[in-house]
Amino acid sequence: MLGMRRLERGDTLIEVLFAVTVFSFVVVSSLAIMNQGTAAAQRSLEISLVRQQVDAQADSLRFLHDSYVAAYRPGLSYNLADGTTSPAEEWYRLTRSPSMVSTVSPLNNGGTSCSSAPGTAFIINPKTARYVSASSITRATTYSRLAYNSSGALSAAQGLWVEAIRSGTSSDMNQQNAGYIDFHIRACWEAPGTAAPMTIGTIVRLYEPRG
């Protein structure tokens, strides 16, 4: 009978608590790894989407530039207030002051948050090839992108903007009738699982005729 009772003895309270502790540790560790993997996948997706937005801005700038170069002649100017426009005129518009700056603004505030776009910043609407001023640029609610309303019109540029710096006049007589503009395309947004904001930037240099 004594041997039977020994075989029927159950787990002690300490053994049960130890088993529960080990199980809880495994579950919590698994959930943490899953959350990290999900956040990494989300960040990777957002980076891909933002790069597409940045590339769309670069392609739009090149399109406006090529249209202006094709229409260029010495003394060319446009009436920016007549209500009509063209890709060449949009290039002319965005390259007028105050769009040009001498230096670009900080992209983030010391790595703690995204900076606001300066008043000289702008964006190009790829759907219409139109210049859009800084008044439509806001902070990103999810990732840097152009947001459109239900009717397909651009409602805001969220965490995405462009700043332009024009080269000075060269002292070389052979280069005085040509110059370039560096377009700094910038994106900043808060990504999941990171303390510092995500940033992407590129520079597009486009040469313009002068004279």
**Prompt:** Can you pull out the residues in the range 74-89 that are assigned to a loop (DSSP other than H, G, I, E, B), in contact (Cβ under 8 Å) with a residue 40 or more places away in the chain and surrounded by 10 or more Cβ atoms within 10 Å (Cβ to Cβ)?
**Reply:** Thr85
**Message:** Need pairs with beta-carbon distance below 8 Å; first residue more than 11 Å from Tyr92 (Cβ to Cβ) and within the range 50-71, second in a helix (DSSP H, G or I); sequence gap 6+ or separate chains.
**Reply:** Phe63/Pro87; Ala70/Ala88
**Asked** Give me the pairs: first residue in the range 187-209 and small (Gly, Ala, Ser) and at pLDDT 90 or above, second residue in a loop (DSSP other than H, G, I, E, B) and open to solvent by less than 60 Å² (accessible area, probe 1.4 Å), beta-carbon distance under 7 Å, and six or more apart or on different chains, which are they?
**Response** Ala187/Ser144; Ala187/Gly159; Gly201/Leu107
**Prompt:** Can you name the number of the only condition in (1) surrounded by 10 or more Cβ atoms within 10 Å (Cβ to Cβ); (2) part of a helix (DSSP H, G or I) that Ser105 fails?
**Reply:** (2)
**Complete:** When the range 116-136 is checked residue by residue, the ones that are over 18 Å from Glu90 (Cα atoms) and open to solvent by less than 40 Å² (accessible area, probe 1.4 Å) are Ala117, Pro118
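The values are calculated or read from the model by the stated rules, or taken from the named source; none is laboratory data. Quick caveat, the model's predicted, so the values are computed rather than measured. Positions of Cβ are backbone-derived with ideal geometry, glycine not excepted, and every protein chain shown enters the neighbour counts. Note: accessible area is taken over every heavy atom of the protein model, side chains too, but ligands, DNA and RNA are not part of it. Shrake-Rupley method; radii C 1.70, N 1.55, O 1.52, S 1.80 Å.
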